[in-house]
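Colleague: Next up is a structure, given as structure tokens.
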Amino acid sequence: MAKHKKVREPQNLEEALVIIRKQEAIIAKQAAKFEELEAKSLELSETVKLLMARIYGKKSEILTPGQTSLFADSVPEDKNSTDSNSLTETTVEEYVVRRRKKARGVRQANLDALPQVDKVYELKDKKRFCDTCGEALEIIGKHLVHREVKCKPMEFYCENSYVQTGKC
């Protein structure tokens, strides 16, 4: 808020009239400013009310006139021609969308490009023995179960998981 100057008391009538005129001018400016701010406040409150109604108000799906004519022909039909033999032929264009097949072997190629680390899971306990005769199985190789990308900080590698296979 503006601080008011301390006005000295007028010594005569002319000085009092000058002071009164100055104060009336200040009051008129403040009244104009007040009316301007009041109008601005009213405008802003109406804007807030409108925006709140748009966000939280009822929503309807009413079509406005002309909204359905979005794909209508741009050339108006001749309404004066009443010849029933002249039929307009409409051509229907058919678009075929072909879906591309997934490229085969892309994952395989990406995994092959990484450094390979093999992890072999050994046969344990009951799986080391034959189900039919009960003898110990002879290890003849390993079988690839799955491949997955592993990540160490700042390093990617492919881990190949194998399970041993045996024969009786």
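Colleague: In segment 95-168, which strands (runs of 3 or more DSSP E) lie fully inside it and hold 2 or more residues that are aliphatic (A, V, I, L, M), in contact with a strand residue (DSSP E or B) (Cβ under 7 Å, 6 or more places away or on another chain) and surrounded by 11 or more Cβ atoms within 10 Å (Cβ to Cβ)?
Modeller: 138-152
Colleague: Look at S60 and say whether it is loosely packed, with under 10 Cβ neighbours inside 10 Å, at pLDDT below 70 and not hydrophobic (A, V, I, L, M, F, W, C).
Modeller: Taking the combined requirement at face value, the residue does not satisfy it.
Colleague: Mind checking which pairs have a first residue in segment 126-153 that is more than 30 Å from L111 (Cα to Cα) and a second that is assigned to a loop (DSSP other than H, G, I, E, B) and open to solvent by 80 Å² or more (accessible area, probe 1.4 Å), Cβ under 7 Å, 6 or more apart or different chains?
Modeller: Listed by first residue and then by second, the contacts come to F129/E135; C130/C168; C133/C168; E135/C168; L137/C168.
The values are calculated or read from the model by the stated rules, or taken from the named source; none is laboratory data. Predicted model, so just to flag it, every value in this text is computed and none were measured. Here the Cβ is made from the backbone with ideal geometry for all residues, glycine too, and neighbour counts use every protein chain on show. For the accessible areas, the whole protein counts, side chains as well, though only heavy atoms, and no ligand, DNA or RNA atoms are used. Shrake-Rupley method; radii C 1.70, N 1.55, O 1.52, S 1.80 Å.
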